[in-house]
Amino acid sequence: MFDRVFEKDVAITGIGQSEVARPSSKSAMRLTVEACMEAIGDAGLTRDDIDGVACWPGDNNNGDSFSPVGTAAIKSALGLKLNWYGAGYEGPGPLAGVIQGAMAIATGLARHVLVFRTITEATGRARSRTANALTNKSAGRDGTYYWQWYTPFNVLSAINLAAMYAQRHFHDYGTTAEQLAQIALTCRRHAALNPKAVYRAPMTMDDYFASRLVSTPLRVFDCDVHCDASTALVLSRRDAAKDQPNPPIRIDAIGSAIHSPHAWDQVDLSAMITQEVGRMMWNRTDLTPADVDTAQLYDGFSILTLMWLEGLGFCPRGEGGRFIENGTCIGLDGDLPLNTNGGQLSGGRTHGLGYVHEACAQLWGRAGGRQLADPRVAVAAAGGGPLGGSLLLVRD
Amino acid sequence: MPRKLPLLNPENTAFWTGGADGELRIAHCDACGTLFHPPTPVCPACASLDVGHKPVSGRARVVTFTVNHQAWTPELAEPYVIAIVEIVEQAGVRFLTNIVGCPVDRVRIGMPVRVTFEPIDDVWIPLFVADE
């Protein structure tokens with residue numbers, strides 16, 4: 001299927017994260033610097049060693065709170081001497097920065113790539129309730145390639161799109177709200193063990209059903225929680241990584257496929273693009289879903305996590321509801337511990353890199369009260385609608 | 001309800017302004033006969049550049065929907081239905097819209113609907129009403 005799987009030559013060698021606050025009193029750049037310096041130090045490197053920078057989506061909309069800091073800004077702030085850098089919204093979802101950074105290393109453009117994701121939507125929301133509305137992606141009339149097909153109908157949030165996926169999944173497969181609730185309940189249980197999580201108080205099924213309906217069938221507790229945070233990691237060429245302090249976490253396989261049209265209303269409405277992403281990732285490795293010790297899967301909205309579980313082959317398509325029923329399978333003691341830091345639903349919407357950060361923390365045995373027993377293989381996946389990518393991570 | 005309007009361009013004008021003549025106009029390939037959406041100057045099925053648009057019946061079915069309860073702005077306080085509809089002429093040709101003119105709890109997947117237009121400035125927004 002693939003005759004070159006370059007990502008096996010790339011390893012994650014360090015991670016860092018700022019406070020996860022709602023909101024933070026620090027600037028977006030300050031949060032970014034803290035995360036990046038922590039990651040560089042954790043990798044046993046200094047600023048002088050970093051010769052590449054990547055992020056998703058970069059500063060693509062006038063520094064707005066969805067992505068206030070891009071590669072150009074951090075490059076200058078940290079005085080980095082780069083051989084390569086890159087960012088941009090158009091890529092396989094929030095993990096695109098990791099994927100691009102891995103490509104830069106594998107092709108020899110860089111040796112140590114800093115990857116980060118900064119988001120300040122808690123501050124953005126405090127300023128204006130519609131700060132993150134999709135209608136703000138364009139000034140005046142909507143000429144964007146795909147939002148123009150949604151904003152005239154008052155789709156102001158991606159929840160309306162995710163809710164339609166949920167409705168279709170419920171219709172096609174008999175998935176129930178009680179089943180879907182297990183994503184939120186499981187994340188909250190795990191968040192209780194994560195000191196940095198935004199919401200840590202216990203949540204019951206009654207609490208879930210008492211939460212406000214936002215867009216049927218999705219409720220407030222199906223939505224991730226805005227925060228201010230920056231997350232960073234260092235990618236290194238594998239031959240360099242062996243001399244660094246942390247046991248290298250190899251990128252064993254990447255999933256970045258999209259076969260359907262790139263549009264929220266044209267993708268498979270009960271799977272999005274998770275099926276093709278999963279097929280690609282598993283075609284680039286000898287490992288199988290049964291080898292995975294923990295899954296950190298995108299929960300911008302709970303229904304997206306369910307589709308990632310199916311798309312990545314942890315259960316058959318349509319079986320996601322039954323797979324997570326009663327929550328034991330995806331709990332810390334289950335077969336597939338899911339979103340062990342509370343995910344974005346309770347941990348905070350660090351948006352993408354938080355999943356990779358948590359996967360590495362688990363693989364390095366640093367997850368404190370939520371630590372799993374010696375995990376070796378983790379999957380991280382992020383994105384919704386036509387945006388999506390996945391990483392299979394292995395600690396050798 | 002207030003609506004953000006699309007920026008008209010050579011590809012999307014037929015869709016957004018067909019309502020002036022009471023027509024729902026969908027991109028069409030004159031080479032292979034395929035209808036498609038969103039409109040582009042090349043047929044996604046056969047890559048022909050011989051594409052235009054064609055009026056369709058305006059009848060469709062609800063493929064999926066959601067009732068939005070969040071008042072994103074004060075003008076959006078009342079629940080409204082967002083849906084993806086598929087036109088009856090060709091499976092897979094679908095787009096997002098609002099279902100109007102009926103109680104929000106009446107909408108269901110598979111429900112037959114037909115187009116109606118809401119003119120604002122130079123745009124005729126295609127909305128759908130129950131057709132049963």
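Where a number appears in this text, it was derived from the coordinates with a stated rule and is not lab data. Note that the structure is predicted; figures quoted are calculated from it, not measured. Glycine also receives a Cβ, built like all others from the backbone with ideal geometry; neighbour counts cover every protein chain displayed.
Show me A:5-12, B:101-108 ranked by packing, highest mean number of other Cβ atoms within 10 Å first.
Answer by packing, highest mean first, reads A:5-12, B:101-108.
If you average the alpha carbon positions of region A:374-394 and of region B:1-44, how far apart do those two centres end up, in angstrom?
Cα centres, region A:374-394 to region B:1-44: 37 Å.
Could you quote the convex hull projected area for region B:13-130, Cα atoms only and averaged over all directions, in nm²? Don't skip to the answer; put the middle values down first.
Working: hull surface 30.9 nm².
For region B:13-130, the mean projected area of the Cα convex hull comes to 7.7 nm².
Output the relative contact order of chain B, whole-number percent, from Cα pairs under 8 angstrom with separation of 6+ residues. Please list the in-between numbers first.
On the way: 272 pairs, mean separation 29.6, N = 132.
The normalised contact order for chain B reaches 22 percent.
What ranking, highest mean first, results for peptides A:237-244, A:183-190, A:300-307, A:143-150 when packing means the other Cβ atoms within 10 Å averaged over each residue?
Working: A:237-244: 16.4, A:183-190: 26.5, A:300-307: 28.5, A:143-150: 18.5.
In descending order of packing, they fall as A:300-307, A:183-190, A:143-150, A:237-244.
I'd like to know how region A:82-193 sits against the 2.2 N^0.38 Å rule of thumb: what's its Cα Rg over that expected value? Present the calculation step by step, with values, prior to reporting the outcome.
Details: Rg = 19.0 Å, N = 112, 2.2 N^0.38 = 13.2 Å.
Taking N as the residue count of region A:82-193, the ratio is 1.44.
Could you check which residue among B:85, B:63, B:42 shows the biggest mean-square fluctuation in a GNM of chain B with a 10 Å Cα cutoff?
B:42
Give a residue-ordered list of calculated ³J(HN,Hα) values for region A:130-138 (Karplus: 6.51 cos²θ - 1.76 cosθ + 1.60, θ = phi - 60°; whole Hz; x for Gly, Pro).
9, 4, 9, 4, 4, 5, 8, 6, 9
To the nearest 20 debye, what charge dipole does region B:13-130 have about its Cα centre, counting +1 at the Cβ of each Lys and Arg and -1 at the Cβ of each Asp and Glu? Mind showing how you got there, number by number?
On the way: 8 positive and 12 negative charges, 99 e Å.
The dipole of region B:13-130 has a size of about 480 debye.
Work out the mean other chain Cβ neighbour count within 10 Å for the residues of B:71-80 and drop it here as an integer.
Working: counts 1, 11, 6, 0, 1, 2, 0, 0, 3, 3.
The per-residue average across the peptide is 3.
Of the GluC sites (Glu not before Pro) in region B:1-77, which ones lie in a loop per DSSP and count no more than 15 other C-beta atoms within 10 Å? List each step's numbers first, then the result.
Working: sites: B:11, B:23, B:75; in loops: B:11, B:23.
Those that pass, being in a loop and sparsely packed, are B:11.
Specify which residue in the list A:23, A:331, B:49 is farthest towards the positive end of the charge dipole of the protein assembly as shown, using unit charges on the beta carbon of Lys, Arg (+1) and Asp, Glu (-1), about the Cα centre.
Checked the options; the winner is A:23.
Using +1 on the beta carbon of Lys and Arg, -1 on that of Asp and Glu, and nothing else charged, what's the dipole of region A:1-104 about the Cα centre, debye to 20?
It comes to approximately 200 debye.
How much net charge surrounds residue A:125 when only the other residues with a Cβ under 11 Å from the Cβ of residue A:125 are counted, with Lys and Arg +1 and Asp and Glu -1?
Charge balance in the 11 Å sphere: +2.
Between A:290, A:163, A:106, which gets the highest mean-square fluctuation from a Gaussian network model of chain A, Cα cutoff 10 Å?
A:290
Evaluate peptide A:161-168: per residue, the Cβ atoms of other protein chains within 10 Å of its Cβ; return the mean as an integer. Walk me through the intermediate numbers first.
Details: counts 5, 1, 6, 9, 3, 2, 10, 5.
The mean count of partner-chain Cβ atoms within 10 Å per residue comes to 5.
I need the calculated FRET efficiency for the pair residue B:59 and residue A:128, taking r as the beta carbon distance and R₀ as 51 Å, to the nearest 0.05. All intermediate terms of the calculation are to be shown ahead of the outcome.
Working: r = 40 Å, r/R0 = 0.79.
Efficiency, rounded to the nearest 0.05: 0.80.
I want to verify a result. In a Gaussian network model of chain A, Cα cutoff 10 Å, which of these has the top mean-square fluctuation: A:193, A:213, A:180?
The residue with the greatest mean-square fluctuation here is A:213.
Under 20 Å from a point 7 Å along the Cα-to-Cβ line of residue A:6: which residues of region A:61-90 have their amide N that close?
A:82-90
Let me confirm one metric for peptide A:213-223, namely the mean number of other chain beta-carbon atoms within 10 Å of its residues' beta-carbons.
Working: counts 5, 6, 7, 10, 2, 2, 1, 1, 0, 0, 1.
Per residue, the number of nearby Cβ atoms from other chains is 3 on average.
Which of rounded, prolate, oblate describes chain A, given a ≥ b ≥ c as roots of the alpha-carbon gyration tensor eigenvalues and a/c under 1.5 marking rounded, otherwise prolate only if a/b is larger than b/c? Before the final figure, lay out each step's value.
Working: a/c = 1.40, a/b = 1.20, b/c = 1.17.
Verdict is rounded for chain A.
Can you give the relative contact order of chain A as a percent, counting alpha carbon pairs under 8 Å and 6+ residues apart?
Values: 971 pairs, mean separation 95.2, N = 396.
Reported relative contact order: 24 percent.
In whole Hz, with x marking every Gly and Pro, tabulate ³J(HN,Hα) for region A:62-79 from phi via Karplus 6.51 cos²θ - 1.76 cosθ + 1.60, θ = phi - 60°.
6, x, 6, 5, 5, 7, x, 10, x, 5, 4, 5, 6, 4, 6, 4, 8, x
Report the calculated FRET efficiency for residue B:1 and residue B:122 (r = Cβ-Cβ distance, R0 = 25 Å), to the nearest 0.05. Don't skip to the end; give the middle numbers.
On the way: r = 19 Å, r/R0 = 0.75.
Plugging the Cβ-Cβ distance into 1/(1 + (r/R0)^6) gives 0.85.
Just from its helices, what would the mean residue ellipticity at 222 nm be for the protein assembly as shown, if runs of 4 or more DSSP H residues each count -39500 (n - 2.57) and the sum is divided by every residue, rounded to the nearest 500 deg cm²/dmol? Can you show the working numbers first?
Values: 13 runs with 122 residues, N = 528.
Theoretical 222 nm ellipticity from helices: -6500 deg cm²/dmol.
Set the Förster distance to 56 Å, then compute FRET efficiency between residue B:45 and residue A:48 from the Cβ-Cβ distance, nearest 0.05.
Numbers: r = 53 Å, r/R0 = 0.95.
In this case the efficiency is close to 0.55.
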